[in-house]
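As structure tokens, the structure follows; a few thoughts come after it.
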Amino acid sequence: MYIFKHSADIIAYLQRQRKAGSKSGFVPTMGALHQGHLSLIDKAKSETDMVVCSIFVNPTQFNDPRDYAMYPKSVENDVLMLERAECNVLFLPDVLEIYPPGVNTKKHYALGELESVLEGKYRPGHFQGVCRVMDRLMDIIKPDVLFLGQKDFQQCMIIKKLFSLLEIKSGIEICPIEREVDGLAMSSRNRRLDPTEREKATGICKTLSFVKENIHSGNLDKLIEEARQILLSHDFKIDYIEAATVDRLQSISSWDGKTEIVVLVAAYMGEVRLIDNIVITA
Ligand code: AMP
């Protein structure tokens, strides 16, 4: 695996590969890698000739400085995992490489209502930061296909919107959520849970399974309230649990029993903020 720290070097390398006819897949990450990230690498490997992964803990998407400071880091182990997964290229920039003096960090992306609901409501500025880093990374990597995880459902939609705003032609593939054996969605943040919290954290996927098993067409308020109670019984502090349309993430309080919808949760287990979601089809 080739490791690049400087954008000029990776740009030159990828240009040569493109000229040679290589189709590239890109998996952007913030490191502290787990099987969820590796599932994206595997998918990219199966569909492209060259897999590029990036590890960059993006300061501009953290609305809480403490969350940024506490974000887990394990670069040496990440490199080993990527080598084993036969990733071809790793981009490992520092902050000045992504945001050099002169790069406009005040650019505003017109994301519309998508950025003010759910995560956007609880993490002001978060999606502008996500767009800022993706704008830079896409400009550097220029992949044929971008691989993203459904785990960050709203982020996937934001990035699709960004692509249409910037007229980026790369494809986007959304990959399923990888879970631990007890159902907890894999996340770098899970490392920050102590053993008791880790056990209780399964409440988040139990809640989503409960919703999926008990949902019927009609009003959803009672079901969502029951779901809230399950989260609270596992000691979660809830930011939101909402049923929403899959296209625009508009909150819904009733379901026709046919249209695909998504139920999304964000909640704190101790100091650790976890998110998860489940898509519900008829
Ligand atoms: P992150 O390092 O958290 O920024 O995530 C990098 C990419 O991995 C994003 O596209 C995430 O949606 C994806 N990802 C994170 N956790 C999982 C998971 N459990 N299953 C599948 N993809 C994931």
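Computed from the coordinates by the stated procedures, all read-outs in this text should not be read as laboratory data. All values derive from a computational prediction rather than experimental measurement. FYI the Cβ positions are ideal-geometry reconstructions off the backbone, even for glycines, and counts take in every protein chain you see.
Using the structure shown, decide if Ser24 is away from the ligand (no atom under 12 Å from the Cβ), in contact with a Lys or Arg (Cβ under 8 Å, 6 or more places away or on another chain) and either of a type in the set (Ser, Thr, Tyr) or more than 23 Å from Cys131 (Cα to Cα) (or both). Criteria met by Ser24. Residues in the range 55-99 that are out of contact with any strand residue (DSSP E or B) (no Cβ under 9 Å at 6 or more places or on another chain), of a type in the set (Val, Ile, Thr) and surrounded by fewer than 20 Cβ atoms within 10 Å (Cβ to Cβ): 3 in all. Can you confirm whether Ile11 is of a type outside the set (Asp, Glu) and surrounded by fewer than 17 Cβ atoms within 10 Å (Cβ to Cβ)? Taking the combined requirement at face value, the residue satisfies it.
Scanning the range 164-179 for residues that are without any contact (Cβ under 8 Å) to a residue 60 or more places away in the chain and under 14 Å from His34 (Cβ atoms) gives a single hit, Arg179. Cβ-Cβ contacts under 6 Å between residues 6 or more apart (or on different chains), taken from a first residue in the range 145-156 that is more than 25 Å from Arg18 (Cβ to Cβ) to a second residue that is among the polar types (S, T, N, Q) and more than 7 Å from the ligand (Cβ to nearest atom), are listed as Phe153/Asn277. Within the range 146-179, if we keep just the residues that are of a type in the set (Asp, Glu) and more than 15 Å from Leu249 (Cβ to Cβ), the residue that is nearest to the ligand (Cβ to nearest atom) turns out to be Glu178.
Pairing residues of the range 28-43 that are farther than 20 Å from Val133 by Cα with residues that are aromatic (Phe, Trp, Tyr) and more than 6 Å from the ligand (Cβ to nearest atom), at Cβ distances under 9 Å and at least 6 apart in sequence or on separate chains, gives Lys43/Phe147. Of the conditions (1) under 26 Å from Gln17 (Cα atoms); (2) in contact with a Pro (Cβ under 7 Å, 6 or more places away or on another chain); (3) surrounded by fewer than 17 Cβ atoms within 10 Å (Cβ to Cβ); (4) of a type outside the set (Phe, Trp, Tyr), Val52 fails just one. Which one is it? So the condition that Val52 fails would be (3). Which of the residues belonging to the range 103-140 are out of contact with any helix residue (DSSP H, G or I) (no Cβ under 6 Å at 6 or more places or on another chain), closer than 28 Å to Val75 by Cα and small (Gly, Ala, Ser)? Residue satisfying the conditions is Gly125 alone. Selection of the range 105-144 for residues being of a type in the set (Gly, Ala, Ser) and touching a residue at least 60 places away in the same chain (Cβ under 8 Å) yields Gly125, Gly129. Given the criteria among the aromatic types (Phe, Trp, Tyr) and away from the ligand (no atom under 16 Å from the Cβ), does Tyr68 qualify? So Tyr68 does not fit the description; no.
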